[in-house]
Amino acid sequence: MTLELFNYPYSVYGRIVRIVLDEKKLSYDVREINPFAADMPESYRAIHPFARVPALRHDEFTLYETSAITAYLDERFEPPSLQPATSDERGRMRQIIAIADNYAYIPLVRQVFAHRVFRPAFGETADEAEVRGGLDAAPRILRALDDLVTADAYATGPIFSLADAHLGAMMDYFTMAQEGAEMLTRYPNLNGWWARIKSRPSLLLTRP
Ligand SMILES: N[C@@H](CCC(=O)N[C@@H](CS)C(=O)NCC(=O)O)C(=O)O
């Protein structure tokens, strides 16, 4: 059995899959793909027609879209299960993942993290207007998530779930920006959740 992860080292989505692979104790090979490179190999476009990362190959089976990959890994391989037992908790898990994808990724990661942390670290030009736009959008997202995460150990209840992996990877990037870390402290449930999970081995191990 072989698992290959097509990934870019700084990809937040690739990191979500790596967190899940680590939680499931699965070993895998990494094939590095830069989704921003003009000369992306045609062979990768055959795997991912939208030319993003990550993608997964399990023997002959290939899959792209992070939430599909993480659910597949969880269902296809041995416990621990990363999906909660009750329908309510599973509904909440999927809701948090969808919020992360549809509302949080662009402002928290592509605007705040990329322009406040990533670009300066690599000597690239950062756009202050992007940082401001992300920070302006963030309170509504953090408020919504603050209303949803449980006061239990993890986002949806007593087990570490796919929602913790998904949101955790994005929250780590957002809070690498000082303004992000400060803003999070205004949302006590979310801040408490992040304090409980941020030093988990799967998060530390996958930190770029
Ligand atoms: N919907 C995709 C999003 C993946 C995604 O946006 N990945 C980023 C890296 S974190 C990427 O490949 N970006 C390249 C680009 O925007 O052109 C998923 O869930 O996997």
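The values are calculated or read from the model by the stated rules, or taken from the named source; none is laboratory data. As the structure is a prediction and not an experimental result, all values here were calculated from the model. Here the Cβ positions follow ideal geometry from the backbone for every residue, glycine too, while neighbour counts run over all protein chains shown. Keep in mind that these areas ignore ligands, DNA and RNA; they rest on the heavy atoms of the full protein, side chains included. Shrake-Rupley method; radii C 1.70, N 1.55, O 1.52, S 1.80 Å.
Output the number of residues of the stretch 173-182 satisfying the condition of being in a helix (DSSP H, G or I) and either aromatic (Phe, Trp, Tyr) or within 19 Å of the chain's Cα centre (by Cα) (or both).
6
Restrict the check to the stretch 188-204 and report whether at least one residue is under 22 Å from Lys25 (Cα atoms), more than 14 Å from the chain's Cα centre (by Cα) and not charged (D, E, K, R). The answer is yes, given that some residue of the stretch 188-204 is under 22 Å from Lys25 (Cα atoms), more than 14 Å from the chain's Cα centre (by Cα) and not charged (D, E, K, R).
Taking the conditions (1) part of a helix (DSSP H, G or I); (2) assigned by TED's automatic domain parsing to the domain that holds Leu148; (3) not acidic (Asp, Glu) in turn, Ala126 satisfies each one other than (1).
A single member of Ile106, Ile141 is open to solvent by less than 30 Å² (accessible area, probe 1.4 Å) and either in a helix (DSSP H, G or I) or at pLDDT below 95 (or both), and it is Ile141. Being of a type in the set (Lys, Arg), in a helix (DSSP H, G or I) and surrounded by fewer than 16 Cβ atoms within 10 Å (Cβ to Cβ) is the requirement here; does Arg132 meet it? Taking the combined requirement at face value, the residue satisfies it.
Being aliphatic (A, V, I, L, M) and either open to solvent by 10 Å² or more (accessible area, probe 1.4 Å) or in a helix (DSSP H, G or I) (or both) is a property that Ala155 lacks.
Among the strands (runs of 3 or more DSSP E) confined to the stretch 4-78, the ones with at least 2 residues that are open to solvent by 20 Å² or more (accessible area, probe 1.4 Å) and more than 9 Å from the ligand (Cβ to nearest atom) are located at 29-32, 61-64.
Residues in the stretch 183-208 that are among the hydroxyl-bearing types (Ser, Thr, Tyr) and part of a helix (DSSP H, G or I): Ser202 only.
For the stretch 84-100, a tally of residues being over 20 Å from Pro208 (Cα atoms) and under 16 Å from the mean Cα position of the chain (by Cα) returns 7. Within the stretch 91-100, is even one residue among the basic types (Lys, Arg), more than 30 Å from Glu179 (Cβ to Cβ), surrounded by fewer than 22 Cβ atoms within 10 Å (Cβ to Cβ) and at pLDDT 95 or above? Within the stretch 91-100, none of the residues are among the basic types (Lys, Arg), more than 30 Å from Glu179 (Cβ to Cβ), surrounded by fewer than 22 Cβ atoms within 10 Å (Cβ to Cβ) and at pLDDT 95 or above. Checked against (1) open to solvent by 20 Å² or more (accessible area, probe 1.4 Å); (2) away from the ligand (no atom under 12 Å from the Cβ); (3) over 14 Å from the mean Cα position of the chain (by Cα); (4) not assigned by TED's automatic domain parsing to the domain that holds Leu26, Phe118 meets all criteria but (2).
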